[in-house]
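**Q** My structure is below; once you've seen it, I'll send some questions.
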Protein chains: 2
Amino acid sequence: MPDSPPSLDPVQLGAYFALVEVTSLLRHAVEQQLKEAGDLSYVQFQLLARLGDSPTGSHRMTDLADGVVYSRSGLTYQASLLEKAGLVVRAPSPDDERSTTVTITDAGRALLARVLPGHVEVVSGLLFEPLSRDDVRTLAALLAPVRDHMRSTPPRSAAPRRRKGGA
Amino acid sequence: MPDSPPSLDPVQLGAYFALVEVTSLLRHAVEQQLKEAGDLSYVQFQLLARLGDSPTGSHRMTDLADGVVYSRSGLTYQASLLEKAGLVVRAPSPDDERSTTVTITDAGRALLARVLPGHVEVVSGLLFEPLSRDDVRTLAALLAPVRDHMRSTPPRSAAPRRRKGGA
DNA sequence: TATTGTTATACTCTATAACTATA
DNA sequence: TATAGTTATAGAGTATAACAATA
């Protein structure tokens, strides 16, 4: 097939660059706050937040890896750090002996509670300050379909094309 | 102590989570493409792109550091990698002997050209596919003020109070 | 045989501090 | 004294591959 457009139009470029810069600055500020307030990396915070959100306070390792981190070993590393810090506990799943269930502890919830207000403050002050309620609604409405589309689009070539002959 | 707003409202939460997820997935896809197409990290790509955009093909180290990376030593590290690969050249500035001017080479431009189409393809296919032209316009219009606001908001406690006259 | 998770390992990246040289 | 950049170093994070155990 013919080449895709070799470039983005100016409007797209503007949106793309703004998105990159905004999220980069936001991420940086958030990471600093998390580090200061609770000595947590962003990934660790995401893991705790996911566990805290869950009705049971638990998730399977694989589910966490799919949602937050991109490799299993990476999650094992982070989970063992969190466990060492007493913020989570790991136990074999009751229903499937292969699985490991990660559960947030009281200490984990406490840390989450201690860190969250500052987190919210940063996000409010940096991201939402210049946006009206309607703006925020619009933004959410724009991003939702993008997220759904990304979720449903298999990361081309992400799936291990382990075929030896392949390009 | 009086708590700050303990939480974001549901609309804000939705926008925030969508933003985080969208940019996370996008970043991941882009990084993979850059790695495959040109063995470039995202930071390295950003540096080359900035240099390629410049009319002179050059920037001072400090200007690059301010725009892309957050520490000078980090930039020195990346610049030396790029120089080793023949993609940029470093030379003392003519006007200020303290400064170093980084300039993209022909090889650097060639690599950029080889990598860009795939980059555009990923961004188009992932980010812009589900958005109409008006959507993109709206998105850009929403993010621009946020970016400006973030730029003008000193990262609380980030800057080691290097402010000259100020506080 | 496929899936879940861990381990060992190697590598990339980043930041801090000490240092040099120029303004 | 302040600024620009480099170096040394140390630490965090990530991914790949080999492995063990269960389905």
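A short reminder: the numbers here are calculations on the coordinates, not readings from a lab. Note that the structure is predicted; figures quoted are calculated from it, not measured. Cβ atoms come from the backbone with ideal geometry, glycine included; neighbour counts cover every protein chain shown.
**Q** What net charge do the residues around residue A:93 carry, taking every other residue with its C-beta under 15 Å from that of residue A:93, with Lys and Arg at +1 and Asp and Glu at -1? Walk me through the intermediate numbers first.
**A** Working: positive: A:60, A:90, A:98; negative: A:63, A:95, A:96, A:97.
Net of charged neighbours comes to -1.
**Q** Percent relative contact order of the range B:15-149, based on C-alpha pairs within less than 8 angstrom and at least six residues apart?
**A** Values: 115 pairs, mean separation 33.8, N = 135.
Computed over the range B:15-149, the figure is 25 percent.
**Q** Right, next: Quick one: among A:101, A:76, A:153, which has the greatest mean-square fluctuation in a GNM of chain A with alpha-carbon springs under 10 angstrom?
**A** A:153
**Q** Okay, helix-only estimate at 222 nm for chain B: each DSSP H run of n ≥ 4 adds -39500 (n - 2.57), divide by all residues, round to 500 deg cm²/dmol; what do you get? List each step's numbers first, then the result.
**A** On the way: 6 runs with 99 residues, N = 167.
Value at 222 nm, helices only, nearest 500: -20000 deg cm²/dmol.
**Q** Per residue and in Å³, how big is the convex hull formed by the alpha-carbon atoms of the protein assembly as shown? Walk me through the numbers on the way to the answer.
**A** Values: hull volume 63.1 nm³, N = 334.
Once divided by residue count, the hull of the protein assembly as shown is 189 Å³.
**Q** Then there is this: Any idea what diffusion coefficient chain B gets from Stokes-Einstein, in µm²/s, Kirkwood Rh on alpha carbon pairs, 25 °C, 0.890 mPa s? Write out the running numbers ahead of the final one.
**A** Values: Rh = 18.8 Å.
For these conditions, the coefficient is 130 µm²/s.
**Q** Mind giving me the FRET efficiency for residue A:109 and residue A:141? R0 is 25 Å, r the Cβ-Cβ distance, nearest 0.05 is fine. Present the calculation step by step, with values, prior to reporting the outcome.
**A** On the way: r = 32 Å, r/R0 = 1.29.
The formula returns an efficiency of 0.20 here.
**Q** Kirkwood hydrodynamic radius of the range A:53-149 from all distinct Cα pairs, in Å?
**A** Details: mean 1/r = 0.0627 Å⁻¹.
Here the Kirkwood hydrodynamic radius works out to 16.0 Å.
**Q** Right, next: Can you give the Kirkwood hydrodynamic radius of the range A:5-47 from its Cα pairs, in Å with one decimal?
**A** Details: mean 1/r = 0.0829 Å⁻¹.
Across the range A:5-47, the inverse of the average 1/r is 12.1 Å.
**Q** Let me know the whole percent of all Cα-Cα pairs from the range A:42-108 that are separated by more than 13 Å. Numbers along the way, then the final one.
**A** Numbers: 1291 of 2211 pairs.
Roughly 58 percent, once rounded to a whole number.
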